[in-house]
1. Can you order the peptides 129-141, 99-111 by their average number of other Cβ atoms within 10 Å per residue, highest first?
2. Per the helix-only calculation at 222 nm, which mean residue ellipticity applies to the chain, given -39500 (n - 2.57) for every DSSP H run of n ≥ 4 and division by its residues, nearest 500 deg cm²/dmol?
3. Among Leu164, Gly146, Ser101, flag the residue with its Cα farthest along the positive direction of the charge dipole of region 58-189, charges on Cβ as +1 for Lys/Arg and -1 for Asp/Glu.
4. For region 103-109, just list the computed ³J(HN,Hα) in residue order, Karplus coefficients 6.51, -1.76 and 1.60, θ = phi - 60°, integers in Hz, with x standing in for Gly and Pro.
5. Taking the alpha-carbon set of region 60-196, what are its Rg and Dmax in Å?
6. Place the peptides 52-65, 26-39 in order of packing, highest mean first, counting for every residue the other Cβ atoms within 10 Å and averaging per peptide.
7. Given a cut-off of under 8 Å on Cα pairs at least six residues apart, what relative contact order in percent is computed for the chain?
8. Return the aspartates and glutamates within reach of Lys141: Cα separation strictly under 20 angstrom, same-chain partners fewer than 8 residues apart disregarded; answer none if there are no such residues.
Amino acid sequence: MTTDKGPTRYHHGNLRPTLLSVARALLEEGGPAALSLREIGRRAGVSAPAAYHYFNSLDAIAAALAEQGFAELGESIDAALAGSRRHLLAGGIAYVAFARSNPGLYRLMFGEGFQAYSKGNEEIRTLRMRVYRQMKDDLEKRLTPGDVPNAALFLWSLTHGLALLTIDGQVEAGADPDAKVEEILKLVGMGLPAVR
């Protein structure tokens with residue numbers, strides 16, 4: 001008599017990407033608090049020790065997910081910038097759209113616990129700085145060098161706040177989130193020539 005152990009959901013060479021894919025789905029279902037190596041392993045059809053072989057801690061899987069997220073966010077902004085002459089506006093809209101499409105991942109990338117899993121992670125630092133540079137580059141063409149750091153931090157703070165308000169459902173009911181973000185960023189542009 002044979003026993004059916006169920007379908008194998010991975011083969012030896014692709015367990016790490018499978019674990020990340022499952023972790024990402026869990027993240028989008030319940031936010032960062034939903035992540036558990038045991039649950040990730042269970043959903044991937046492997047034992048917890050098999051999952052620990054690839055990720056020795058929850059911080060390790062959080063770091064891998066954050067790397068993916070920052071890379072994807074940077075790519076989204078690059079794509080938006082490529083088709084626009086109004087870079088800061090296009091970049092801001094792409095930034096908020098990324099958060100709306102990936103709320104769990106976005107919260108992981110910027111939320112509680114970020115310092116714990118990202119400490120010493122050069123890849124996350126590099127990818128995160130890429131996003132910052134995307135905002136800063138256009139400002140450097142339009143503002144005096146002394147104003148650029150504060151203007152970049154201001155724009156990032158505004159865009160990050162808009163992203164959180166949007167994914168938390170705090171933008172007025174019935175409003176088109178993309179249109180609302182564009183309206184707000186244009187309003188800011190009245191005071192910053194770089195956004196107009």
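1. Peptide ranking by packing, descending: 99-111, 129-141.
2. Working: 10 runs with 138 residues, N = 196.
Mean residue ellipticity, 222 nm, calculated: -22500 deg cm²/dmol.
3. The one lying farthest along the dipole's positive direction is Gly146.
4. x, x, 5, 4, 4, 5, 5
5. 14.8, 43
6. Details: 52-65: 18.1, 26-39: 16.4.
Top to bottom by mean Cβ count within 10 Å: 52-65, 26-39.
7. Details: 187 pairs, mean separation 41.5, N = 196.
21 percent.
8. Hits, sequence-local ones excluded: Asp78.
Every number in this text was worked out from the coordinates using simple rules, so none of it is lab data. In this text, all values refer to a predicted model and were calculated from it rather than measured experimentally. Glycine also receives a Cβ, built like all others from the backbone with ideal geometry; neighbour counts cover every protein chain displayed.
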